[in-house]
Amino acid sequence: MADKVYNFGAGPAMLPEPVMQKIQQEWLNFQGMGVSIIEISHRSKEFVAVLNEAQSLFRELTGLPDNYRILFVHGGARMQFSALPMNLAERVPSRKSLYVESGNFANLAAEEAKAFSHMEIIASSAATNFDRIPKITLEEINQDAAYLHITSNNTIYGTRWNQFPQTGDVPLIADMTSELLSRQIDYNQFGVVYAGLQKNLGPSGMAMVIIREDLLGHASRQTPTLLNYTQCDKDNSLTNTTNTFAIYVIKLVLEWLKEQGGVKAIEKLNKQKSARLYQVIDNTDFYHGIAQPEFRSIMNVSFKLATEELENKFLQAAGAIGLYALKGHRKVGGVRASIYNPMPMAGVEKLANFMTEFERQNR
Ligand code: PLP
């Protein structure tokens, strides 16, 4: 019998097995309607109930304070790189936006903001190849700025912010694409949190935006309607025909997460999963972790072997036993195990054992 496949892809990524089964079950007959979820109107009462349920489950699971709104928006995370400055820069006369450069996506976000605000990078870890999160202090944050943007988990390098920066009156914005719902977060620290869906939430091409109410209503006049968060909020994310399937999958994923015991329980498991892999890396000089230990992600574990040839051999042998999509991002090479919420401990255990055995045979 062929090996069970464990998908370590960085995104689109694996979804929980029960979610995939539920999609299959309901595919041709959603709620006994005789049609599928992607064949009914986005304004039908059945779909609107799905959307509202997704929002209320998210609130329940995260303890989101009442003064935050939940939006489902088009274009994935990178569309928000433009939408954020369009919606927020005009809040303050300086039109200044501050960015921390902690990796590839942080950099892309900052570059995009140049077109719509006076963008300034206030800290960077580029000099050490993004192996850490740069340090910033409150004194370095210009209080005239419209916001400060960070990438809370750096998918490619496998680093994350353990402690979020104090920003004074400047709203903190976090791209949480590769870690939303993976750990308990006090949302009160943030003005905006956003995430592309394709890691912990569902299909690619859309994003969730969680925004504090007082930050709505400041979009620049040039903001396209479909990028305008205030409009999106007014229309309960139904300004135009939304991706009904994606929102349906989010709802199923959130139901699944609730059944697992919620964010607290999944965080505990995520810590155990990542610790198992870091333990293998730390016990040898055969594998080299990319992130400095203090900043290690619990979602993306990136490491290298001595040569590219050895890495290719590793990836090929792993693939042959069902350890799928472990190749590191083209910018860093090496190996990356993305172990989002749906990855079971059994998958991590199989990878950890494989790593130990591969080392034994190839040392
Ligand atoms: N931000 C982070 C942290 C990511 O990991 C990614 C994709 O992997 C993106 C942004 C880009 O997301 P999208 O492809 O949905 O625009």
Taking only Cα atoms and a 10 Å spring cutoff, compute GNM fluctuations for the chain and point out the largest among 352, 115, 275.
-> 115
Mean-position separation - Cα centroids, region 1-30 and region 136-211, in angstrom = 28 Å
Going down the list 4/264; 268/331; 273/313, which pairs span over 26 Å between their C-alpha atoms?
-> 4/264; 268/331
Quick note, region 262-362: a/c under 1.5 would make it rounded; otherwise a/b > b/c is prolate and the rest oblate (a ≥ b ≥ c, C-alpha gyration tensor); here it is prolate
Additional length obtainable on full extension of the chain from residue 235 to residue 292, 0.36 nm per residue less Cα span | 16.1 nm
Connecting every pair of Cα atoms under 10 Å apart in the chain and solving the GNM, the largest mean-square fluctuation among 187, 99, 157 falls on 187
Taking K and R as +1 and D and E as -1, what net charge do the other residues with C-beta under 13 Å from the C-beta of residue 15 add up to?
-> +1
Sequence-separation-based contact order of the chain, relative, with Cα cut under 8 Å and 6+ spacing, percent = 23 percent
Among 159, 87, 245, pick out the residue whose Cα is farthest towards the positive end of the charge dipole of region 19-259, where Lys and Arg carry +1 and Asp and Glu carry -1 on C-beta, about the Cα centre.
-> 245
Please get the size of the charge dipole for the chain, origin at its Cα centre, with Cβ charges of +1 on Lys and Arg and -1 on Asp and Glu, quoted in debye to the nearest 20.
-> 420 debye
State whether region 69-222 is rounded, prolate or oblate according to the following rule on the C-alpha gyration tensor (a ≥ b ≥ c being the square roots of its eigenvalues): a/c under 1.5 gives rounded; otherwise a/b larger than b/c gives prolate, and the remaining case gives oblate.
-> rounded
Trypsin sites (Lys or Arg not before Pro), restricted to region 112-208: which are DSSP loop and have at most 12 other Cβ atoms within 10 Å?
-> 135
Compactness of region 142-215, expressed as Rg and Dmax over alpha-carbon positions, Å = 12.5, 37
Could you please state, rounded to a whole Å, how far the C-alpha centre of region 71-125 is from the C-alpha centre of region 292-308?
-> 27 Å
Return the lysines within reach of residue 234: Cα separation strictly under 22 angstrom, same-chain partners fewer than 8 residues apart disregarded; answer none if there are no such residues.
-> 45, 251
Assuming a ≥ b ≥ c are the square roots of the Cα gyration tensor eigenvalues, decide whether the chain counts as rounded (a/c under 1.5), prolate (otherwise, with a/b larger than b/c) or oblate.
-> oblate
Compute the signed sum of charges (Lys and Arg +1, Asp and Glu -1) over the other residues within less than 14 Å, Cβ to Cβ, of residue 127.
-> 0
Mean-square fluctuation maximum in Gaussian network of the chain, Cα pairs under 10 Å, restricted to 341, 243, 153, hits 243
Restricting region 1-79 to trypsin sites (Lys or Arg not before Pro) in coil, as DSSP defines it, with at most 11 other Cβ within 10 Å | 4, 43
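All of the numbers you see were taken from the coordinates with simple rules; none came from a lab. Note that the coordinates shown come from a computational prediction; the quantities given were computed from them, not determined experimentally. Quick reminder, even Gly has a Cβ in these numbers, built from the backbone with ideal geometry, and neighbours come from all protein chains shown.
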